[in-house]
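Trainee: Sending over a structure as C-alpha cells; questions will come in a sec.
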4 protein chains.
Amino acid sequence: MALRGILRLGEVCIRVLDLAAARTHYVDRMGLIEVMSDEEDRKIYCKAWDEHDHHSIVLREADEAGLDYVAFKVYDDQTLTDLEPRIQAFGLDVSRIDAGVYPKSGRRLEFFLPSGHRMQLYAEKAQIGNTLGTRNPGVMPDEGVIRGFRINRLDHCLLGGPNIDECGRLFQEVFDFDLSERIEDEESRDSLAMFLTCSTKPHDVAFVIQPEPGRFHHVSFLLESATDVIHAADMIGKYRIPVDVGPNRHGVTRGNTIYYFDPSGNRNEVFSGGYVHYPDTPTLTWDTSQMGPAQFSQDNIARESFLTVVT
Amino acid sequence: MALRGILRLGEVCIRVLDLAAARTHYVDRMGLIEVMSDEEDRKIYCKAWDEHDHHSIVLREADEAGLDYVAFKVYDDQTLTDLEPRIQAFGLDVSRIDAGVYPKSGRRLEFFLPSGHRMQLYAEKAQIGNTLGTRNPGVMPDEGVIRGFRINRLDHCLLGGPNIDECGRLFQEVFDFDLSERIEDEESRDSLAMFLTCSTKPHDVAFVIQPEPGRFHHVSFLLESATDVIHAADMIGKYRIPVDVGPNRHGVTRGNTIYYFDPSGNRNEVFSGGYVHYPDTPTLTWDTSQMGPAQFSQDNIARESFLTVVT
Amino acid sequence: MALRGILRLGEVCIRVLDLAAARTHYVDRMGLIEVMSDEEDRKIYCKAWDEHDHHSIVLREADEAGLDYVAFKVYDDQTLTDLEPRIQAFGLDVSRIDAGVYPKSGRRLEFFLPSGHRMQLYAEKAQIGNTLGTRNPGVMPDEGVIRGFRINRLDHCLLGGPNIDECGRLFQEVFDFDLSERIEDEESRDSLAMFLTCSTKPHDVAFVIQPEPGRFHHVSFLLESATDVIHAADMIGKYRIPVDVGPNRHGVTRGNTIYYFDPSGNRNEVFSGGYVHYPDTPTLTWDTSQMGPAQFSQDNIARESFLTVVT
Amino acid sequence: MALRGILRLGEVCIRVLDLAAARTHYVDRMGLIEVMSDEEDRKIYCKAWDEHDHHSIVLREADEAGLDYVAFKVYDDQTLTDLEPRIQAFGLDVSRIDAGVYPKSGRRLEFFLPSGHRMQLYAEKAQIGNTLGTRNPGVMPDEGVIRGFRINRLDHCLLGGPNIDECGRLFQEVFDFDLSERIEDEESRDSLAMFLTCSTKPHDVAFVIQPEPGRFHHVSFLLESATDVIHAADMIGKYRIPVDVGPNRHGVTRGNTIYYFDPSGNRNEVFSGGYVHYPDTPTLTWDTSQMGPAQFSQDNIARESFLTVVT
C-alpha cells in the first residue's frame, strides 16, 4: 500500500545521430550530469542532480533518432514477480533480462506496448545519491551541481502510436495507474491522448495517437519553479536551440512548459508545476473543440507541429 | 499498487476559542473557502480551492485550543476493512463510526496514536470539485476563488507527543508509510522528530517529541510557489498576524515556509516546494548538532519557540 | 539635476470602438482602476494601483482604434516654460492648452512628432495616491486593490511612423533622453526602431518605422515580477483574449513580456524586468540579421505580425 | 534634464580585516567578479556582472572594519565643476583628487558629510562592459558569469552617524535628491532615518541616526527577483554566513531583503524590488510607533541589532 508497484519512469534510452552533439546538448547545455559513457556501444549515461539512482537518461548513437525503450522502476523484486503473469495475462509477451545486462541495473522484464514501444520494468539500480549525503544533508548542493537548465529530475514521457486505449487499459488494469486526463475527438469520442499517473503527479506517462507505432513525442524533465522554466527558456534562446513551443502553460496537467529539440530532432520538455493528483481526483476530459486551451492555455493556440512531429 | 492504502491527510479538526475570530483568520484572511457551518455545534467547515472533497478543515469552538483529530483518506472501503485488524494487531483499540456521523463522510475507523492523538480513517467524502469542472476544465478558476494566502491544499500536520518511535513504527509497518527524515539526539540517538510519507511528498505527517500527549504543533497548507510564500508573508504582515518563524527554508523537507498563529494560538504553516520522495529515496537523518540547519536552513538558527510552543 | 525635465509617460489616450467592451477588457479583466468616466464624451479614465496621479489611461470611444495622444509628465511648470522654445527651435509648432481642459490636469503643451503622433507635456495632475497613505503606509493595499493582471504602472508606448531618426533626435537633443537601443537594417544601416529613456528603465518611449504616420504599436504596463507575467498570461488565456506573442523575453530591453489585443485591436503589453539603464550605459545596436533574438530571445523567432499590425 | 547630476552610487570602499577571507566572501561566495587586485595596497576591486564600469566595490585590508568612502558617479565633468562651489556653499571643504589617483578613475571631488562619512564624486571610470557586447548583445551572459548570489549591481548604502537632517538637506538642496522616506521619533518628530533617491529607485543612499560619526550600516546589492533573494538566502545558509535578519520585506522601500555579515562584521544586504519613485511621489513618513512594520513588514518585528550593530 501507499506508493507501491510501479514507482516512476526511471530510465529513457534515446537514439541520437551524433553522440558528441548529444553530449553538448544534454550535458553541457541542459546540465544533466554525465555519470558514465561507453565508447564502444556509443552510449552516454546521465542523471539529473536530485535523482539518487545512477542514471535516468541513456543516449545511444544510431542512424535514426527516436526512442529505444522506456524503463519504469518498481517497488521491489517481488513486484516484478507479481507483474510478470499479469502482463502476460493481458496478452503481451514478456522477456526476462538478467541483472547486469543493463549496467548498474538488476533484472528486468521487457515487453512491447500496444502502441509499439519497448517497455521495461526493474526493481534495482545502483544509487549514487544527489551529493548532499544522508546525514545532516543540508539543502543546497555545491555550486556547479545544479547548472544549465537547473533540471531536478526525469519526469515523464509522451509516446506516439496506435492502440492508445489499449495502452490506457494496460496501465490502469495491470499497473494500477489512474487516467488523470484524456483528449477525445469531439464527435467520435475516440481517444486522441491518454495521460496516466501512478503518483500524485498529473502524469507519469502519456500516449498520443499516431499512425505509426513506437514513435517518440517527448521526454520531460522537472524544474523547481516557473521561474526556472523562464531561466531554461533563456538558456534555450542563448544557445539557439530550436524551440517547438515557447514558454506557456498546458491546459492538460496545468504545467508551465517549454518544448525544444535536441540536435537529432528528438523533442524535449522542461516544465514545472501542475496540480496534485490522487486516485480519487476525477478524470479530466478535453475534446477537439478545445484543443487550443488543452494544449497551451496562455494563448489557446493548438500547434500543428506539436501533434505531427515525432521521432 | 501505485498509490493505494492511505492516500493523504484529508481532514483536520482544530479547536478554536472564538469561532468568529477563527473565521476571520482562516476564511477572510487566509482565503480558505467556507463550505458549511454548524451554529449549534459551533463548527465551520472549510476547503482549499484545489481540493475536490467537500472540506478538509473543521474549526470547532472550544474552551481550549488544539487538535480534535486528524483524519486520513484511504483508497477505498476495502482498505478500511483490511486496515482494521492490522491496527488492532499493532495493539490499538479501533472504534467504528457510522457513515454520516461526520457530515459528508462515509464510515470511519478511529483510534488513538501512541502519541496520544485521535486519528481517523475514511474512504468516502462528498466531492464538490475545484470549480473548474471535469470537461475542458481550463486551468484558472474565476477571480476570487484563489484569494487570501492563495492556498492550494491542506498538506500535512506535525503532532507533538511521547512515543514517537512507536508512531513511526505504526505508520511504517501498518500504514506502509516511508520514514523520509528523522531528527535524533546527537548522543543518545533518541528520536526527536519523525517525518513520514505515503506519497511523493517529503512528508504527509510528522511527529515531534513532547512530554504531554496529543499536542498540536502545526497544520500546513500547500502554496503553488515560493513566490506565493512571499505573498502570504506579506498578507500575514499586513494583518499583523503573529509570526512564529518568518520566511525561511526548512532543512528537513527543503520546503519554503512561514509559520504563524491563529487567534487561538494554534500554529499554521504555509509552504511550497520540497524534494520529491520515493520509497527508494534514502532516509535523511539530522542530529542535534545541526538543529539550526535542520529547522531553518537560510539562517541556521534553531528557534526555541518552535520546539516548545504547542496547543 | 537628478531626475528632472520629462519624468515619464503619464497619460495615454486610446481610441476604442466600444466603450463597454473596453471597460470589460481594461478594468474588469486587466484590473486597472476606473477613477472617472464621461458618458457624454464617451471616455473612461483609469489608473494602475501603484500610481499616485489621478489617471494614466484614457479610453475614448471612436470610429477607429488607435492612439489619440501620448502625454508626458514633466518636473514642474518651469520645465514647460523652458521646453516650449526648445521644441519650437527644433521646428515643431507648439499649442498651449489651458489648465482644466484636460480634467484633473494643469496646462499642457501640445505638438506633433515627426512620426505623426500627437504629444503633450504637462506638469500638474491631481494626485489620489495608491491607497496606502503616506504615514506608516505599510506595503500591501487591501485585498482587491491589486487584481486582474496585477498591473503596477503604465510604463511606455511604442509608436509607429516615419522619420523615427528625427524623433530620436528630438527626444535626445530637446528632451535629454538617452538612446538605449536601436535596431537597424543590416545593410543600409537605416534605423528600424529607436528606444529612448529618460530614467533608469530601458525605455520610456520607442519608435518603430511604419509607412503611415501616427500609428499605435502598443501601450505597455509594468508588472512586479516574471511570475506576474505568467499570471497575466494565465488570465489572458482564461478570458480568451487574442494573443499576439505569448510569454517570452525581449532581446531589446531584456523584459519578460506578453502581447495581446484589446477588443478594438489595440495591442497591449504587460511585462516585468529589463536591465537598469544609466546615461553612461552604452547604446545597444541590433541589426536585421538578428531580428529573432532582438524581438524574442527565448525562441529567436521574429514575428511578422509584430512589425506589421498596428492601429 | 532627464537623469543628470549625480547618477548613482558607483563605488564603495570597505575595510576588511583579512583580504583572503573577504575574497572568499565577496568573490567566491557572493559571486562578485574580481577585476583587479593590489597586493601592496592590500586591495581587491570587484564588480557585479551587469555593471559596465570597471569596478564598484573596493575591499581594503585594515585593522578595523568599516567604510573608507562612498563615491557617486556624476553625469559628466561639467557636473563636477558645477557641484564644487555648491558643496562649498553648503559649508563643506572640498578636496580635488587628480585623475588616476584612484585607479581607472577620472578626477574626483572629496568631502566629509555632516554624518562623518568621506564622500567622493567622479565623472569618469573605465568601462569594461557586462560581457554581452553592444552589437546584437543577447540577454544571457555565458554560464558562470552570473553565479553565487546572482548579484546584478551595487545599489545603495546605509550610513550611520549624527546630523542626518543636515545630510538630507545636503542631498536635497545641493545634489537634487528626493527624500523618499523618513523615520521619525513618534513624540519628538526627530529624524531617525532618511532615505534619499536621485533615480526611480526608492533610495540611492540612506542615513540612520548613530551617536558616532562615519559608521557603516550596510552596503546593498540588487538581485533580479524575489526568487533570487530566496536563492541567495539558500547560499548564505549553505556557507553558514552569519545572518542579521532573514528573508523578509522592508516596510520602507518595499524591497525583498536579507541581511548578513561579511567575515569582518560589515553588514551586507541583497534585495530585489521596491516601488518606483519619481520626484512627484509623496514622501512617506514612518514613526517609532510602527518600527516593526517599517523595518520588516512580513513579521512586523523591529530588530534591535539592526539599529545598533554597525562597523
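The values are calculated or read from the model by the stated rules, or taken from the named source; none is laboratory data. None of these values were measured; they are calculated from a predicted model. A quick note on method: Cβ atoms are made from the backbone with ideal geometry, for glycine too, and the neighbour counts reach across all protein chains shown. The area values use the complete protein model at the heavy-atom level, side chains included, leaving out ligands, DNA and RNA. Shrake-Rupley method; radii C 1.70, N 1.55, O 1.52, S 1.80 Å.
Trainee: Those residues that are under 24 Å from B:Ser56 (Cβ atoms), surrounded by fewer than 22 Cβ atoms within 10 Å (Cβ to Cβ) and hydrophobic (A, V, I, L, M, F, W, C), I need them from segment B:159-180; list them, please.
Mentor: B:Val174
Trainee: Would you please name the residue that is nearest to the other protein chains (Cβ to nearest Cβ), looking only at residues in segment A:113-123 that are more than 29 Å from B:Leu179 (Cβ to Cβ) and of a type in the set (Gly, Ala, Ser)?
Mentor: A:Ser115
Trainee: Could you grab me the full set of residues in segment B:240-253 that are more than 9 Å from chain D (Cβ to nearest Cβ) and polar (S, T, N, Q)?
Mentor: Within segment B:240-253, just B:Thr253 meets the criteria.
Trainee: Give me a count of the residues in segment A:215-226 that are under 28 Å from A:Met119 (Cβ atoms) and open to solvent by 20 Å² or more (accessible area, probe 1.4 Å).
Mentor: Residues in segment A:215-226 being under 28 Å from A:Met119 (Cβ atoms) and open to solvent by 20 Å² or more (accessible area, probe 1.4 Å): 2 in total.
Trainee: Looking only at segment B:92-109, how many residues end up being without any contact (Cβ under 8 Å) to a residue 12 or more places away in the chain and within 14 Å of another protein chain (Cβ to nearest Cβ)?
Mentor: Total satisfying the criteria: 0.
Trainee: Additional query: Taking the residues in segment A:109-151 that are more than 19 Å from B:Pro279 (Cα to Cα) and of a type in the set (Lys, Arg) as candidates, determine which candidate is nearest to the chain's Cα centre (by Cα).
Mentor: It comes out as A:Arg118.
Trainee: Out of the residues in segment D:227-239 meeting the condition of being open to solvent by 30 Å² or more (accessible area, probe 1.4 Å) and in contact with a helix residue (DSSP H, G or I) (Cβ under 8 Å, 6 or more places away or on another chain), tell me which one is farthest from the other protein chains (Cβ to nearest Cβ).
Mentor: Per the criteria, the residue is D:Tyr239.
Trainee: I've got another one for you. Of all residues in segment D:127-171 being in contact with a Lys or Arg (Cβ under 8 Å, 6 or more places away or on another chain) and within 14 Å of chain A (Cβ to nearest Cβ), which is farthest from D:Asp228 (Cα to Cα)?
Mentor: D:Gly138
Trainee: Please go through segment C:280-293 and pick out each residue that is open to solvent by less than 30 Å² (accessible area, probe 1.4 Å) and touching an Asp or Glu at 6+ places or on another chain (Cβ under 8 Å).
Mentor: Correct list: C:Thr281, C:Leu284, C:Thr285, C:Trp286, C:Asp287, C:Gly292.
Trainee: For segment A:254-286, give me each residue that is among the β-branched types (Val, Ile, Thr) and within 9 Å of another protein chain (Cβ to nearest Cβ).
Mentor: A:Ile258, A:Val276, A:Thr281, A:Thr283, A:Thr285
Trainee: Which condition breaks for C:Leu3 when tested against (1) buried (at least 22 other Cβ atoms within 10 Å of the Cβ); (2) at pLDDT 95 or above?
Mentor: (2)
Trainee: Here's something else I'd like to know. Give me the pairs, please: first residue somewhere in segment D:186-215 and more than 12 Å from chain C (Cβ to nearest Cβ), second residue anywhere and open to solvent by 70 Å² or more (accessible area, probe 1.4 Å) and outside any strand (DSSP E or B), beta-carbon distance under 6 Å, and either six or more positions apart or on two chains.
Mentor: That search, which allows pairs on different chains as well, returns D:Ser191/D:Asp165.
Trainee: Determine, yes or no, whether C:Asp204 is at pLDDT 95 or above, over 20 Å from B:Pro137 (Cα atoms), surrounded by 22 or more Cβ atoms within 10 Å (Cβ to Cβ) and in contact with a strand residue (DSSP E or B) (Cβ under 9 Å, 6 or more places away or on another chain).
Mentor: yes
Trainee: To continue, here is another question. All but one of (1) in contact with a strand residue (DSSP E or B) (Cβ under 7 Å, 6 or more places away or on another chain); (2) open to solvent by 10 Å² or more (accessible area, probe 1.4 Å) hold for D:Ser188; which doesn't?
Mentor: (1)
Trainee: Which of the residues that make up segment D:252-273 are of a type in the set (Val, Ile, Thr), in contact with a helix residue (DSSP H, G or I) (Cβ under 7 Å, 6 or more places away or on another chain) and part of a loop (DSSP other than H, G, I, E, B)?
Mentor: Within segment D:252-273, D:Val252 is the sole residue that qualifies.
Trainee: Considering only segment B:241-264, I want to know if a residue exists there that is among the small types (Gly, Ala, Ser), under 15 Å from the mean Cα position of the chain (by Cα) and open to solvent by 10 Å² or more (accessible area, probe 1.4 Å).
Mentor: No - not one qualifying residue is present in segment B:241-264.
Trainee: Among the residues of segment A:18-38, how many are open to solvent by 40 Å² or more (accessible area, probe 1.4 Å) and out of contact with any Leu (no Cβ under 8 Å at 6 or more places or on another chain)?
Mentor: Count: 11.
Trainee: Now for a different question. Take the residues in segment A:294-311 that are open to solvent by 20 Å² or more (accessible area, probe 1.4 Å) and within 14 Å of chain C (Cβ to nearest Cβ); name whichever of them is farthest from A:Pro242 (Cα to Cα).
Mentor: A:Asn300
Trainee: Okay, next question. Which condition number in (1) under 30 Å from B:Arg189 (Cβ atoms); (2) in contact (Cβ under 8 Å) with a residue 60 or more places away in the chain is the one that A:Gly133 fails?
Mentor: Here A:Gly133 clears every test but (2).
Each row is one residue, and each column tells you yes or no for (1) within 14 Å of chain B (Cβ to nearest Cβ); (2) open to solvent by 30 Å² or more (accessible area, probe 1.4 Å); (3) in contact with a strand residue (DSSP E or B) (Cβ under 9 Å, 6 or more places away or on another chain).
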| position | (1), (2), (3) |
| --- | --- |
| A:Val16 | no, no, yes |
| A:Glu40 | no, yes, no |
| A:Trp49 | yes, no, yes |
| A:Asp63 | no, yes, yes |
| A:Phe72 | yes, no, yes |
| A:Phe111 | no, no, yes |
| A:Lys125 | yes, no, yes |
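Trainee: Here's a follow-up. Any residue in segment A:52-66 that is in contact with a Ser or Thr (Cβ under 7 Å, 6 or more places away or on another chain) and more than 26 Å from A:Val309 (Cα to Cα)?
Mentor: yes
Trainee: Sticking with this structure for a sec: Taking A:His277, is it farther than 22 Å from A:Asn300 by Cβ, open to solvent by less than 10 Å² (accessible area, probe 1.4 Å) and not in a helix (DSSP H, G or I)?
Mentor: yes
Trainee: Moving to a separate point now. Out of (1) in contact with a helix residue (DSSP H, G or I) (Cβ under 7 Å, 6 or more places away or on another chain); (2) within 11 Å of chain B (Cβ to nearest Cβ), the odd one out for D:Val174 is which?
Mentor: D:Val174 satisfies every listed condition except (2).
Trainee: Of all residues in segment A:10-65, how many are in a loop (DSSP other than H, G, I, E, B) and among the aromatic types (Phe, Trp, Tyr)? Before the answer, list the steps.
Mentor: Taking segment A:10-65 as the starting set, the residues that turn out to be in a loop (DSSP other than H, G, I, E, B) are A:17-18, A:30-32, A:39-42, A:48-52, A:54-56, A:62-65.
This time we only want the ones that are among the aromatic types (Phe, Trp, Tyr), so: A:49.
Within segment A:10-65, residues that are in a loop (DSSP other than H, G, I, E, B) and among the aromatic types (Phe, Trp, Tyr) number 1.
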